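A.B. asks: One structure follows; several queries about it will come next.
The values are calculated or read from the model by the stated rules, or taken from the named source; none is laboratory data. Remember, it's a predicted structure, so these values are computed and weren't measured experimentally. So basically every Cβ, Gly included, is an ideal-geometry build from the backbone, and we count neighbours across all protein chains shown.
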Amino acid sequence: MPKPIYSITPFTMLDYPNHTACILWFAGCNMRCVYCYNPDIVLGKGKLSIGEATQFLRSRQNLLQGVVFSGGECTLHPSLVSLAREAKAMGYLVKVDTNGTRPKMLEKMLSEKLIDYIALDFKGIGKQHEAITVSKTFHTFAKTLALLQHSAIPFEIRTTWHEALYSREDIGQMVQYLEEHSYQGEYFIQYFRNDVPTLEQLPYHASRLDAAELSTADIQVKIRG
Ligand code: SF4
């Protein structure tokens with residue numbers, strides 16, 4: 001039996017907006033973001049099967065409101081669909097954290113109404129995205145953004161910021177990119193955390209951004225962390 005899930009966080013009040021939830025961390029990723037906080041999950045092997053994850057969800061049914069599918073990149077795993085079906089049948093709200101590289105998978109899950117909320121990572125524009133993620137996948141981000149904008153699903157866009165990777169002007173251009181692509185709503189920036197292991201070693205980061213200065217009439221920049 002394949003074991004796609006690396007580990008489970010049994011309870012969080014932070015990862016699913018306004019809901020209690022658990023997090024299922026899927027092993028493996030098709031990116032190698034230099035600032036990635038989850039090297040063990042990205043480079044490691046899964047330890048739990050879909051059956052074991054389903055059993056866990058059953059044990060928390062009616063105790064938690066939501067389940068967050070994260071990773072790694074959960075949408076790389078075809079078994080995510082059946083697990084989401086099980087979770088929805090048990091009454092869970094389902095959130096998917098994604099790097100946006102599998103728009104077809106998201107489309108399928110959205111068409112089956114298996115997702116209630118999506119967090120989409122925005123890792124830069126064009127070549128900058130490719131350098132930071134060590135992958136040639138920017139076009140997939142653009143597709144996923146378009147897909148979500150044409151769906152009725154609530155979603156958020158978020159970027160992890162380290163000044164050595166993105167200047168303030170780069171972040172301003174990312175806001176502009178979202179605006180040019182008709183995005184309206186909140187854009188979350190989370191500061192790089194210096195206290196956790198990452199895929200690549202980065203210099204200490206202490207810079208801060210001015211959210212009000214970056215916001216526009218359509219896009220409210222919000223700082224997390
Ligand atoms: S930060 Fe990048 S490498 Fe790490 S899990 Fe997310 S997409 Fe994958």
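A.B. asks: Which members of the range 172-198 meet the condition of being more than 21 Å from Ile125 (Cβ to Cβ) and aliphatic (A, V, I, L, M)? Spell out the reasoning first.
C.D. replies: Of the residues in the range 172-198, the ones more than 21 Å from Ile125 (Cβ to Cβ) are 193-198.
Result: Val196, single match.
A.B. asks: Do you know which of the residues in the range 88-115 that are part of a loop (DSSP other than H, G, I, E, B) and in contact with a strand residue (DSSP E or B) (Cβ under 7 Å, 6 or more places away or on another chain) is nearest to Tyr183 (Cα to Cα)?
C.D. replies: Filtering the range 88-115 for residues that are part of a loop (DSSP other than H, G, I, E, B) and in contact with a strand residue (DSSP E or B) (Cβ under 7 Å, 6 or more places away or on another chain), the one nearest to Tyr183 (Cα to Cα) comes out as Gly100.
A.B. asks: May I ask you to list the residues in the range 45-87 that are assigned to a loop (DSSP other than H, G, I, E, B), more than 18 Å from Glu112 (Cβ to Cβ) and free of Cβ contacts under 8 Å to residues at least 60 places away in the same chain? Show your work before the answer.
C.D. replies: Taking the range 45-87 and keeping what is assigned to a loop (DSSP other than H, G, I, E, B), we get 45-47, 49, 61-65, 72-73, 77-78.
Now restrict to residues that are more than 18 Å from Glu112 (Cβ to Cβ): 45-47, 49, 61-65, 72-73.
Lys45, Gly46, Lys47, Ser49, Gln61, Asn62, Leu63, Leu64, Gln65, Glu73, listed by residue number.
A.B. asks: Let me ask something else. Restricting attention to the range 171-225, report how many residues are under 23 Å from Thr133 (Cβ atoms) and among the acidic types (Asp, Glu). Full working, then the answer.
C.D. replies: The initial filter retains those residues of the range 171-225 that are under 23 Å from Thr133 (Cβ atoms), namely 171-181, 183, 186-205, 207, 209, 214, 219, 221-225.
Cutting the leftovers down to among the acidic types (Asp, Glu) gives us 179-180, 186, 195, 200.
Looking only at that region, the number is 5.
A.B. asks: Right, here's the next one. Does any residue of the range 172-179 turn out to be out of contact with any strand residue (DSSP E or B) (no Cβ under 6 Å at 6 or more places or on another chain), at pLDDT 95 or above and of a type in the set (Val, Ile, Thr)?
C.D. replies: No.
A.B. asks: Could you tell me whether Ile118 is in contact with a helix residue (DSSP H, G or I) (Cβ under 8 Å, 6 or more places away or on another chain) and part of a loop (DSSP other than H, G, I, E, B)? Full working, then the answer.
C.D. replies: On the way: in contact with a helix residue (DSSP H, G or I) (Cβ under 8 Å, 6 or more places away or on another chain): yes; part of a loop (DSSP other than H, G, I, E, B): no.
Spelling it out, it is not the case that Ile118 is in contact with a helix residue (DSSP H, G or I) (Cβ under 8 Å, 6 or more places away or on another chain) and part of a loop (DSSP other than H, G, I, E, B).
A.B. asks: I've got another one for you. Here are some residues: Ile132, Ile115, Ile171. Which one is crowded, with 18+ Cβ neighbours inside 10 Å, within 14 Å of the ligand (Cβ to nearest atom), in contact (Cβ under 8 Å) with a residue 12 or more places away in the chain and of a type outside the set (D, E, K, R)? Show your work before the answer.
C.D. replies: Working: Ile115 fails: within 14 Å of the ligand (Cβ to nearest atom); Ile171 fails: within 14 Å of the ligand (Cβ to nearest atom).
Just a single option satisfies the conditions, and that option is Ile132.
A.B. asks: Within the range 141-157, can one find any residue that is β-branched (Val, Ile, Thr) and within 16 Å of the ligand (Cβ to nearest atom)? Even if it seems obvious, please write down each step before you answer.
C.D. replies: First pass over the range 141-157, keeping only residues β-branched (Val, Ile, Thr): 144, 153, 157.
Next cut, within 16 Å of the ligand (Cβ to nearest atom) only: 144, 157.
Yes, the conditions are met somewhere in the range 141-157.
A.B. asks: Same structure again: Residues Val42, Val34: which one is more than 24 Å from Lys104 (Cβ to Cβ), touching a residue at least 60 places away in the same chain (Cβ under 8 Å) and aliphatic (A, V, I, L, M)? Explain how you work it out, then say what you get.
C.D. replies: On the way: Val42 fails: more than 24 Å from Lys104 (Cβ to Cβ).
None of the others qualify; the one that does is Val34.
A.B. asks: For the range 6-40, give me each residue that is more than 15 Å from the chain's Cα centre (by Cα), under 20 Å from Arg224 (Cβ atoms) and within 13 Å of the ligand (Cβ to nearest atom).
C.D. replies: Val34 - this is the single residue of the range 6-40 that is more than 15 Å from the chain's Cα centre (by Cα), under 20 Å from Arg224 (Cβ atoms) and within 13 Å of the ligand (Cβ to nearest atom).
A.B. asks: Test Ala152 against the criterion of being surrounded by fewer than 19 Cβ atoms within 10 Å (Cβ to Cβ) and part of a loop (DSSP other than H, G, I, E, B), and give yes or no.
C.D. replies: yes
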